[in-house]
Amino acid sequence: MKLSARWTVNESGKAFGCCVVLNCRLFSLLRRRRFRILLRLWTATLLFIRTTGIPLPAILILRRFQMKMNYERKILERLIGKYEKSKAYITGHSSRRIALTVSEENWLQSGMENPEEKKLFFATLVELKKQELVDYSWVKFEEGNLVDKIWLIQDENRIREGYRRIERTPTKETAAELLALIEKYAGKLSPGTQLLVFLETCIEEIKNRKKCSSYFSEDRILNEDILKCLVHMEKNENEQMERLMSQALYGDSKRFEQDVKSKVLSILKEAKRQIGEDIPEDDELLREKGVVRWPEILEFTGKLKVHLEDGCNIDYTAEKYGAYINSETVLHISWVETEQIDRVLFIENKANYVWYISHEKTEEELVIFHGGCYSPIKGKWFRKILQGLECQPRKPEYYHWGDIDVGGFRIFQRLRENIVSELKPYRMDTQCLEQYHDDTMKITSLSYLKALEKLSRDSNYACFHQVIAKMLEEKIRLEQEAMILK
């Protein structure tokens, strides 16, 4: 902020007026309390000058006032910051003072060498004490010269006034507001979902700490936009491009990308981390929820013919080294026709998919690139293929090849539970773990081991219990890429 003044002098040489030049930024700040006070002080100073004709150094008076306000703000910010980290903040009472030791406050020390600033600092303390916001004590034998400690008056109304002085909403109020929002949106989710588990953890944290979760902000509108997006993603069954989703949710095509996306991604990552899953790339994480930058490309290899709603047919039989279909085409499929396919193999990782179709795929086999947790549109594609396979005279066998780790097991179970009930694991057993033992990775995370232990007690993962026992015993896991290197 810039302030300058031009004096107008009459014939006798006396100043009778002053023109204040303010930059535009000041006017946008005048609505704030401290700037309204500043303006009133400036106006009073000009009136005094005009009445008396004495050109006082008004700018110095203003500077002194600003310095005093800065001291007040800094003292209250530091004390309230310490208060929010104290036991008193959570319980409402404590026998310990919330205090600053002045000699340890580096921001104060340089100013105390200036007698003028020192007087201003003392005057600020006197005023804050009169208003029952703080109290203070002197260094022994240095009364009136060196302040020892400054402490907060622990009264709810006085603390609230302190928040008002530094132009902040009390943290407890912000936390209570966020808690109500999270509870509202959590009520829209189905039991057992990753997102609901995460939100329940946040609810517990806010209740215990009386502070906003670090995954959200102090901005109520942004918090609601984050929750609105998360719930939308959890219920989404189709593919949506980021900007179209943003326009539909917020009426602004760039709101998601500019303000919401980073927060949503951090929450999705933490939700996976809580259950011991590996964290995929950002784009894959969003794709899993059906949110993409551009339409998704789906990969497969096998004797398939796709019949579209408009009567067009696409024959993929000749594409032995990899075929592709985009998500928009999937939405317009009428039905899928297959020649006799005896085995269907889903493969989690791209490198293994490419290697397998080049080295091991047979003529009667359909190989599908699965990726991480499949997206809603990929789920539709899988179901269309299965409907076609059910029309064959002989039903095929279904297998899934993934990492021998928590993520790989969960991907397998999700596919089996939701789409292919006859699914069996492929190269995900104890024999493979031992065969590629030299290429295994050590498990050092305690939470990861707990996630494995949980799977070892879950009957849904019974087909992996033997290999999980080996993993827990040796604290190892195996990524499937290691199997194609030798």
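Each reported figure results from applying straightforward, stated rules to the coordinates on display, with no laboratory input. This is a predicted model, so every value here is computed, not measured. Note: ideal-geometry Cβ built from the backbone for every residue, glycine included; neighbour counts use all protein chains shown.
With the Cα gyration tensor of region 171-291 in hand, convert its eigenvalues to equivalent ellipsoid semi-axes via √(5λ) and list them largest first in whole Å.
Working: eigenvalues 100, 60, 32 Å².
Calculated on Cα positions only, the semi-axes equal 22, 17, 13 Å.
In degrees from 0 to 90, rounded to the nearest 10, what is the angle of the helix 406-418 Cα long axis to the longest principal axis of the chain?
With rounding to tens, the tilt is 60 degrees.
For Gln392, enumerate residues with amide H under 5 Å from its amide H, sequence gap 5+ or separate chain, H modeled in the peptide plane.
none
I'd like the distance between the alpha-carbon centres of region 421-486 and region 245-275, rounded to an integer number of Å.
Result: 32 Å between the Cα centres.
Between Lys129 and Thr201, what is the spin-label point distance in nm, taking each point 7 Å from the Cα along the Cα→C-beta axis?
Computed distance between label sites Lys129 and Thr201 equals 4.8 nm.
Over 32 Å between Cα atoms, which of Lys188/Lys395; Lys210/Lys380; Lys263/Lys305; Lys188/Lys269 qualify? Working shown, then result.
On the way: Lys188/Lys395 39 Å; Lys210/Lys380 43 Å; Lys263/Lys305 42 Å; Lys188/Lys269 21 Å.
Beyond 32 Å: Lys188/Lys395; Lys210/Lys380; Lys263/Lys305.
For Gly322, which sequence-distant residues (separation of 5 or more, or a different chain) have an amide H within less than 5 Å of its own amide H, given hydrogens modelled in the peptide plane?
Here nothing satisfies the definition.
Which value in nm describes the separation of the simple spin-label points at Met241 and Ser421, placed 7 Å from the Cα toward the beta carbon?
3.9 nm
Return the calculated 222 nm mean residue ellipticity for the chain, to the nearest 500 deg cm²/dmol, obtained by summing -39500 (n - 2.57) across DSSP H runs with n ≥ 4 and dividing by the residue count.
Values: 20 runs with 234 residues, N = 486.
The helix contribution divided over the chain gives -15000 deg cm²/dmol.
Tell me which of Leu179, Cys463, Cys312 sits at the most positive position along the dipole axis of the chain, charges placed on C-beta atoms (Lys, Arg +1; Asp, Glu -1).
Leu179
Towards the positive end of the charge dipole of region 72-165, with charges on Cβ (+1 Lys, Arg; -1 Asp, Glu), say which of Ala123, Ser94, Leu146 has the farthest Cα.
Ser94
How high is the relative contact order of the chain, given as a whole-number percent (alpha carbon pairs under 8 Å, six or more residues apart)?
8 percent
Quick one: length gained pulling Thr444 to Thr169 fully straight, 0.36 nm per residue minus the C-alpha distance?
Values: separation 275, 0.36 × 275 = 99.00 nm, distance 4.21 nm.
The span from Thr444 to Thr169 would gain 94.8 nm if fully extended.
For the Cα atoms of the chain, what angle does the longest principal axis make with the long axis of helix 33-52, in degrees from 0 to 90, nearest 10?
30 degrees
Once both axes come from the Cα atoms, what is the angle between helix 171-186 and the longest principal axis of the chain, in degrees from 0 to 90, rounded to 10?
Rounded to the nearest ten degrees, it is 20.
Would you give the gap between the C-alpha center of region 361-413 and the C-alpha center of region 290-323, rounded to a whole Å?
15 Å
Would you please classify the overall shape of region 295-484 from the alpha carbon gyration tensor, given that a ≥ b ≥ c denote the square roots of the eigenvalues, rounded means a/c under 1.5, and beyond that prolate means a/b larger than b/c while oblate covers the rest?
Numbers: a/c = 2.22, a/b = 1.97, b/c = 1.13.
Since a/c reaches 1.5 and a/b is larger than b/c, the shape of region 295-484 is classed as prolate.
Can you give the FRET efficiency to the nearest 0.05 for Cys463 and Lys320, using r as the Cβ-Cβ distance and R₀ = 41 Å?
Values: r = 31 Å, r/R0 = 0.76.
Approximately 0.85, to the nearest 0.05.
Over the Cα atoms of region 260-347, what is the Rg over Rh ratio if Rh follows Kirkwood? Don't skip to the answer; put the middle values down first.
On the way: Rg = 17.2 Å, Rh = 15.7 Å.
Checking Rg against Rh, the ratio lands at 1.10.
Return the sequence-ordered ³J(HN,Hα) values of region 187-196 in whole Hz as given by the Karplus equation 6.51 cos²θ - 1.76 cosθ + 1.60 applied to θ = phi - 60°, using x for Gly and Pro.
Karplus values, whole Hz, x for Gly and Pro: x, 8, 9, 6, x, x, 6, 4, 5, 5.
Which whole-Hz couplings ³J(HN,Hα) result when phi for each residue of region 303-318 is put into the Karplus expression 6.51 cos²θ - 1.76 cosθ + 1.60, θ = phi - 60°, listed in order with x for Gly and Pro?
These are the phi-based 3J(HN,Hα) values: 7, 10, 10, 9, 9, 8, 4, 7, x, 6, 10, 10, 9, 9, 4, 6 Hz.
Using a simple charge model, +1 on the beta-carbon of Lys and Arg, -1 on the beta-carbon of Asp and Glu, nothing else, what dipole does the chain show about its Cα centre, in debye to the nearest 20? List each step's numbers first, then the result.
Numbers: 79 positive and 75 negative charges, 757 e Å.
Its charge dipole is roughly 3640 debye.
Counting only residues 5 or more places away or on other chains, whose amide H sits under 5 Å from the amide H of Ile153 once H atoms are built in the peptide plane?
Counting only residues 5 or more places away or on other chains, the set is Val134, Asp135.
Would you mind telling me the antiparallel percentage of the DSSP bridges in the chain, rounded to 5? Let's see the in-between values first.
Working: 32 of 46 bridges.
About 70 percent, rounded to the nearest 5.
Anything over 23 Å Cα to Cα? Flag those among Lys211/Lys450; Lys303/Lys361; Lys450/Lys470, in the order listed. The partial results should precede the final answer.
Values: Lys211/Lys450 28 Å; Lys303/Lys361 12 Å; Lys450/Lys470 14 Å.
Violating the 23 Å limit, Cα to Cα: Lys211/Lys450.
Quick one: Debye curve from the alpha-carbon atoms of region 153-215 only, equal weights, vacuum; give me log10 I(q)/I(0) at q = 0.12, 0.17, 0.23, 0.27 Å⁻¹ to two decimals.
-0.39, -0.64, -0.91, -1.09
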